[in-house]
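**Q** I have a structure I would like to understand better, so I am pasting it below and will then ask my questions one at a time.
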Amino acid sequence: MTPSYNQAKYIEQTIRSVVEQDYLHVEYLVVDGLSTDGSVNIIKKYADKLTWWVSEKDAGQGDAINKGFAGAKGNIVAWLNSDDYYLPGTISAVVKIFEENPDVVMVYGDMLAVDERGQTINTLNYKQLSLQDLLCFQIIGQPSVFFRREVLEQTSGLDTTFHFLLDHHLWIRFAHAGQILHVPQIWSAARYHAEAKNRAKAAEFGQEAFRILAWAKSQPWLIETISSVSRRARASAYRVDARYLLDGGQATSALKSWMRALFIHPPTALARLNIVISALLKIMGLDTLRVKYLEARSKRLKDGK
């Protein structure tokens, strides 16, 4: 399903990336939050290809997604935000993986990061993660995640008190409930743009990382696991905070959070040394070097070099 609110600029590509998949047995639900920017007209344009859609006021992204979950009948479930899109052949590939791995409750592939124009700026290649890794905030690209409806029903869907790391909170519960599997295939593209909440509200991501950490320590079924990676998990929360603060343009605060991660668990901080380098360049007014580097990397990726 796709949750949407005022994403007329991107939602048509999102919808088309689903309805033009080569796998025929797909139900597609679109939950719009009463958009006022023309999104509803675009949704109506594809209404005959949708299983169900609605445009009504909701309580935010998590509420909209849970509404879609409630209407989902398929054995495999996923959501695709209205500024992201699937690559061709994704759903066929996902179904095949689930058929070949009957004990797996969730699968995730790799992901492209694209800009407003759809130009690739990075390729995010993940690895096989454990429950411990997820508790240490090894982040998975949400558009490339698919899961069985049974595990969704067992874990009661998204916790709507989370607004930024609500997907990661769900993956932790899935990983506790059963086996998760990484597949080294690129399945989706996530769009990074100024209006995206990972930039517009960057500081709040870190706050939710600490909330997840506190939540995990309060769950009897997670106490043993979180205790085994306590320092790494705490340092990882600060590293996540640093990363999103940097994305939000708060370089000094990002540097402080990274230094706290370094103090708590040096290997965790040093694994993302790029955060501190980027923060220092921005503080010294040399951020143009970082921008030029990212532009050059984007061009290399586009040219296939």
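Since every read-out is calculated from the coordinates, none of them should be taken as a lab result. Predicted model, so just to flag it, every value in this text is computed and none were measured. As a convention, Cβ positions derive from the backbone with ideal geometry for all residues, glycine included, and neighbour counts pool all protein chains shown.
**Q** Which of the trypsin sites (Lys or Arg not before Pro) across segment 117-159 are loop residues per DSSP, with 14 or fewer other Cβ within 10 Å?
**A** ARG117, LYS127
**Q** Fewest Cβ neighbours within 10 Å first, please rank GLU99, GLU208 accordingly.
**A** Working: GLU99 8, GLU208 22.
Ordered by Cβ neighbours within 10 Å, fewest first: GLU99, GLU208.
**Q** Using amide H atoms built 1.01 Å from N in the peptide plane, name the residues 5+ places from THR2, or on other chains, whose amide H lies under 5 Å from its own.
**A** For THR2, the qualifying residues are LEU29, VAL30, VAL31, LEU80.
**Q** Enumerate the amide H contacts of SER35 below 5 Å, restricted to partners 5 or more residues apart or on another chain; note that Pro and chain-start residues carry no placed amide H.
**A** The answer is ASN6.
**Q** For segment 45-180, what log10 I(q)/I(0) values come out of the Debye formula at q = 0.21 1/Å, with one point per alpha carbon and no solvent?
**A** Per q value, in the given order, log10 I(q)/I(0) is -1.60.
**Q** Quick one: SER82, SER227, fewest Cβ neighbours within 10 Å first, how do they rank?
**A** So the ranking, lowest neighbour count to highest, is SER227, SER82.
**Q** Determine, for LEU222, LEU270, the number of other Cβ atoms within 10 Å of each Cβ, and report the residues in order from fewest to most.
**A** Taking fewest neighbouring Cβ atoms as first place, the list is LEU270, LEU222.
**Q** Share of antiparallel DSSP beta bridges in the chain, in percent to the nearest 5? Could the numbers behind the result be given before it?
**A** Numbers: 11 of 27 bridges.
DSSP beta bridges in the chain are roughly 40 percent antiparallel.
**Q** Hey, another quick one. Over 29 Å between Cα atoms, which of LYS44/LYS96; LYS45/LYS73; LYS9/LYS49; LYS67/LYS256; LYS96/LYS217; LYS45/LYS127 qualify?
**A** LYS44/LYS96; LYS67/LYS256; LYS96/LYS217; LYS45/LYS127
**Q** Give me the net charge for the shell around SER144: Cβ to Cβ below 14 angstrom, other residues only, Lys and Arg +1, Asp and Glu -1.
**A** On the way: positive: LYS127, ARG191; negative: ASP84, ASP110, ASP167.
Every neighbour counted, the sum reads -1.
**Q** Long-range amide H contacts for ASP110: which residues qualify at under 5 Å (H placed 1.01 Å from N, peptide plane, sequence gap of 5 or more or a different chain)?
**A** Hits under the 5 Å cutoff: GLN185, ILE186, TRP187.
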